[in-house]
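*Asks:* Please read through the structure below; I'll follow up with questions.
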């Protein structure tokens, strides 16, 4: 069976608007709610939401590809690039720094036309540590570019991209399509989720780089969405994808065998909606955190503040297993007696609730 790029109608993607209508309406409705919620937030809280969103996207888009970075490294990279640190914080991992800077680039320059230079710059940011592949240029190797799985010698080919010699022309067409379908373009696609979904599939099907295609393809989806709504996207699409990678790869693989892509856009729309719901939960969490510290202002000592901040770094999903005396001692570097006293005080003032007793006792934050 031929791949999508081998078929006569490539790259003239088609889809059924009617089958997507309800999902697109639901997304548009939630997009408005997210924008409204953000407008009501204080400026410093807006920045916190923005940074947390970029950190989550950077970490999860990397985890999809099997790379795992320190949250602190990624966050420091983003804050350094935004000029929010009075003194530049050291980032230990260059790849973490690169993906953090990519997130800032997408959020900062989303309204600009896409160009070959922009994509090459993104690629250099992502793979600046690489010494084994060509960075900041299209792939040129003669062997087929294949997406594989399975053990060595028993690999399964999921997809084979166009030959390297065809990549410059394919990408020239892609960049033209991306810019002409943008708001106000000659071939404008008015529904941002559809354009974002096509952009990702189209780019992944060309697979123009030796490595980094998935991360850049997801960044292009985010850029397309941001252009459609007129401001940076305040949700992490990659976090939703990473939660169920099998569905993502399955939907993508099926879509790469045909250019009628309604099933792919159905999957993409569902994923986008789940990302919106997670973003709403995150905004609620940020507001809860702000209110928490306001409510207990002057009642927390430095140790308690440090421990609570560490718990809250885990986001809306919470601190796995809750806080315990042992964890509190490790975080605050204090004695068992002091830890017990601090935790009891947090329960007494209503900041923590106690769950269980004895050795199994743990504490959750009351937001």
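Throughout, read-outs are computed from the coordinates displayed, never taken from laboratory work. It should be emphasised that the depicted structure is a prediction, and the values quoted were computed from it without experimental measurement. Reconstructed Cβ throughout: ideal geometry from the backbone, glycine too, with neighbour counts over all protein chains shown.
*Asks:* Rounded, prolate or oblate: which one fits segment 125-234, using the alpha carbon gyration tensor with axes a ≥ b ≥ c (rounded when a/c is under 1.5, else prolate when a/b beats b/c, else oblate)?
*Replies:* Prolate shape, in that a/c is at least 1.5 and a/b is the bigger ratio.
*Asks:* Continuing with this model, one more query. Pop a pseudo-label 7 angstrom from the Cα along the beta-carbon direction at both residue 128 and residue 157 and give the gap in nm to one decimal.
*Replies:* A separation of 3.7 nm, rounded to one decimal place.
*Asks:* By how many degrees, 0 to 90 and rounded to 10, does the Cα axis of helix 17-39 deviate from the longest principal axis of the chain?
*Replies:* So the helix axis and the longest Cα principal axis differ by about 40 degrees.
*Asks:* Under a crude label model (7 Å from the Cα following the beta-carbon direction), how far is residue 19 from residue 172 in nanometres?
*Replies:* Going from the residue 19 label point to the residue 172 one covers 3.5 nm.
*Asks:* Still on this structure, please answer the following. What per residue convex hull volume, in Å³, comes out for segment 220-326 when only alpha-carbon positions are used?
*Replies:* Numbers: hull volume 14.4 nm³, N = 107.
In segment 220-326, the Cα convex hull volume per residue is 135 Å³.
*Asks:* Compute the acute angle (0 to 90°) between the alpha-carbon long axis of helix 213-229 and the principal axis of greatest extent of the alpha-carbon atoms of the chain; round to the nearest 10°.
*Replies:* Value to nearest ten degrees: 80.
*Asks:* Roughly what angle does helix 116-126 make with the longest principal axis of the chain, taking Cα atoms, 0 to 90 degrees, to the nearest 10?
*Replies:* Orientation of helix 116-126: about 40 degrees from the principal axis.
*Asks:* With a point put 7 Å past each Cα toward its Cβ, work out how far residue 347 is from residue 284 in nm, to one decimal.
*Replies:* With each label placed 7 Å out from Cα toward Cβ, I get 2.7 nm.
*Asks:* What 222 nm value per residue comes from the helices of the chain, counting each DSSP H run with n ≥ 4 as -39,500 (n - 2.57) and dividing by all residues, nearest 500 deg cm²/dmol?
*Replies:* Calculated from helices alone, the mean residue ellipticity at 222 nm is -19000 deg cm²/dmol.
*Asks:* How large is the convex hull of the C-alpha atoms of segment 300-365 per residue, in Å³?
*Replies:* So the per-residue hull volume is 80 Å³.
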